[in-house]
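Read through the structure below, which is laid out as structure tokens, and then see the notes.
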Amino acid sequence: MTQQNLHMAAKFTATAKAIPDYPCLIQGQQRLSWRQVDERNNRMANALLEAAALQRGDRVAVMERNSPAYIESYLAAMKLALVPCNVNYKYRSEELLYLLEDSGAAVLVINEDFLPTFEPIAAQCPRLKLVVVIGPSAQAALPTGRRAYAACLAHGAATPPKLSWAAPNNDDLLFLLYTGGTTGFPKGVMWDTTVYREMHRLLGPMVRGIIDRLPRAPASMFRSRTGHENAISRFMQSPVFRWLIAREPVREALGRYAERSFRERASGPLDVAARKARAMRRFPNPTLVACPLMHGTGWLTAMNTLTAGDAVIFLEGTRFDAAEVWRTVEREKVCTIIIVGDAFAVPLLEELERHPYDTASMLMMNSSGVVWSPKVKQGLLKKIPQLIIVDSLGASDGLGRSEPITAQEGEIKPMRFRLSSHMKVFDDQDREVVPGSGITGQLAICGLIPRGYWRDEAKTAKIFRTINGVRYSIFGDVCTVEADGSLTLLGRGSGVINTGGEKVFPEEVENVIHDQPGVADCVVVGAPDARYGQVIAALIEFHPGRSGSLDDIAHQCSARLANYKKPRHLFVVDKIPRKDNGKMEYARAREIVAERIQQLTPSA
């Protein structure tokens, strides 16, 4: 039997043929159907073939905010068996240059707003064969080697591209997911069709957790999301359904059905997936991706939403705006919002407390990768009683588990994740940690993991290890396993700082500070922050008799680093705390930062 082609290019086109006139991508007044998006993907793919001498497997870097153009650029690259990769649009020139060189990108798709970042390093990117510029000011007549995105859509053929090489297939990389990680420089994580074959490992336990909560769920959870009640939604609000769902065998059967359905939609035959996409139009789940697509949470969610045949919705503003989120929920009848922790959740809750919004369509709010405090969760559930809050454990290097919470939980405590079948915890000798033993180990994930790191065999061998014949991703999450199988997470083993979902490696910031005149030593740590989880703080020691300038240091950090990497706090100390062996005393450094911040806070 011929192996089923699970490449996103094939899956998207099959879904577009099944539900051509349903909404696919929405941003403000721009509403694109599946047929339109598929045709636009073809136009862009044909324009790329015409404009540059590309080869199979070439990388396409995308530096763009959330927009249909972001998704279309990825899908067009995939149609050509090229490999798209994300670019953090907050990068400065040096950071962009590193990523373009590391990926060996042949094409850069970039919003015109970011050209000032690219221009200073353009001459240092000889591998780039084409630059495609997004934006209303981009003209068709651009310098050699550049084309306007709008011109590509206007002049590219709408028919599927004719390739002189093999069509995209299961052996290809789907995309490179560049992440700050813990190495000081972003690394390209190589994801392939494993993301479809194994996604049931993440979604199955999550849905089972939701099903187990249904007997206590409010009736509003079962209302039609479209606003038009049908026989199924009415039945689910009836006492009969409530009686049935309270029976464990019924919930177990529903759980098995849901997991089988996930498998078929994600990795089954294309005609089956397309048929299920048509059937699910009775239960639409339009998803608002409020966090950046340039990060794993945003992109992976958008891709899986499209795989299910649902619409992906974006905000219009260039910055996160809680009021715009809730206005969009009202207008588009959004069912799911994707965020990254308190940095998004706090302003969303504050806006709901200031103004009333129609949130009847809301069903889920998902977060991954950063703290989401119980107090904020409780506030959101109070405002939206039918809401299911979902916390996800994992990283760009491997996807672990998603845990649901509903308003019926009672007291909401800090999230604890339970082990799934594809998760284990190993100690330093690669022995499995016994639940309840109190032994500290590192989380290991199998199955739903990438191939490794782009052009970095050493790091791949370090993080992706085979234990007892099974290949795991062990990316540094330190934890203990409780007697009931739940995990107590103790943090990332490295010194990486997580600020609002952005990962910052301290040494990168320290290198910039060390370059400044008068600096003898410095240390960068994360300082607790109510909204972002952590912010960047630096302790600086000047050479004796040379005071230096904190303003100059702040200016250089702004010039050379993305905004989220810039220190929020700069403090001068007489001596950086180090041990006798020269190693940093990070605990003491954090104490000093906390003391200095406390001194800045006015007393009540």
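The values are calculated or read from the model by the stated rules, or taken from the named source; none is laboratory data. Predicted, not measured: the structure shown is a model, and the values here were computed from it. Using ideal geometry, Cβ is built from the backbone for each residue, glycine included, and neighbour counts are taken over all protein chains shown. For accessibility, only protein heavy atoms count, side chains too; no ligands or nucleic acids. Shrake-Rupley method; radii C 1.70, N 1.55, O 1.52, S 1.80 Å.
Below are the figures for this structure:
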| read-out | value |
| --- | --- |
| Probe 1.4 Å, protein heavy atoms only - accessible area per residue of segment 194-239 in square angstrom | 47 |
| Kirkwood Rh in Å, taken over all unlike Cα pairs in segment 348-461 | 16.8 |
| Cα gyration tensor category, rounded, prolate or oblate, for segment 71-144 with a/c compared to 1.5 | rounded |
| Dimensions in Å of segment 1-155 - Rg and Dmax from alpha carbons | 15.6, 53 |
| For Val109, residues with placed amide H under 5 Å, excluding near neighbours | Ala61, Val62, Met63, Val132 |
| Listed peptides 154-162, 129-137, 214-222 by packing density, highest first (mean Cβ within 10 Å) | 129-137, 214-222, 154-162 |
| Relative contact order %, segment 396-466, counting alpha carbon pairs below 8 Å whose residues are six or more apart | 32 |
| Length-normalised contact order of segment 277-395 in % [C-alpha pairs under 8 Å, at least 6 apart] | 24 |
| Neighbour net charge for Thr318 - beta-carbon separation under 15 angstrom, K R +1, D E -1 | -3 |
| Three-way shape call for segment 173-327 based on the alpha-carbon gyration tensor, with the a/c threshold at 1.5 | prolate |
| Sum of side-chain charges, Arg127 neighbourhood, beta-carbon under 14 Å (Lys, Arg +1; Asp, Glu -1) | 0 |
| Local electrostatic count, Leu244, Cβ distance below 13 Å [Lys/Arg +1, Asp/Glu -1] | +1 |
| Segment 440-482 versus segment 132-179: alpha-carbon centroid distance in Å | 34 |
| Convex hull volume per residue in cubic angstrom - Cα atoms of segment 294-386 | 99 |
| Carbon and sulfur %, accessible surface of the chain computed with the full protein complex present, 1.4 Å | 51 |
| Mean separation of Cα contacts under 8 Å, 6 or more apart, over the residue count of the chain: relative contact order % | 12 |
| Loop-located GluC sites (Glu not before Pro) in segment 343-411, at most 13 other Cβ atoms within 10 Å (DSSP) | Glu411 |
| Label point distance in nm, His543-Arg431, each placed 7 Å from Cα along Cα→Cβ | 5.2 |
| Surface per residue (accessible, 1.4 Å probe) for segment 501-568, Å² | 43 |
| Extension gain (nm, one decimal) between Asn230 and Thr601, 0.36 nm per residue minus Cα-Cα | 128.0 nm |
| In sequence order, calculated HN-Hα J values of segment 400-410 (Karplus, 6.51, -1.76, 1.60; Hz; x Gly/Pro) | x, 8, 10, 10, x, 9, 10, 5, 7, 5, x |
| Three semi-axes of the equivalent ellipsoid, segment 151-241, Cα gyration tensor, whole Å, largest first | 42, 24, 15 |
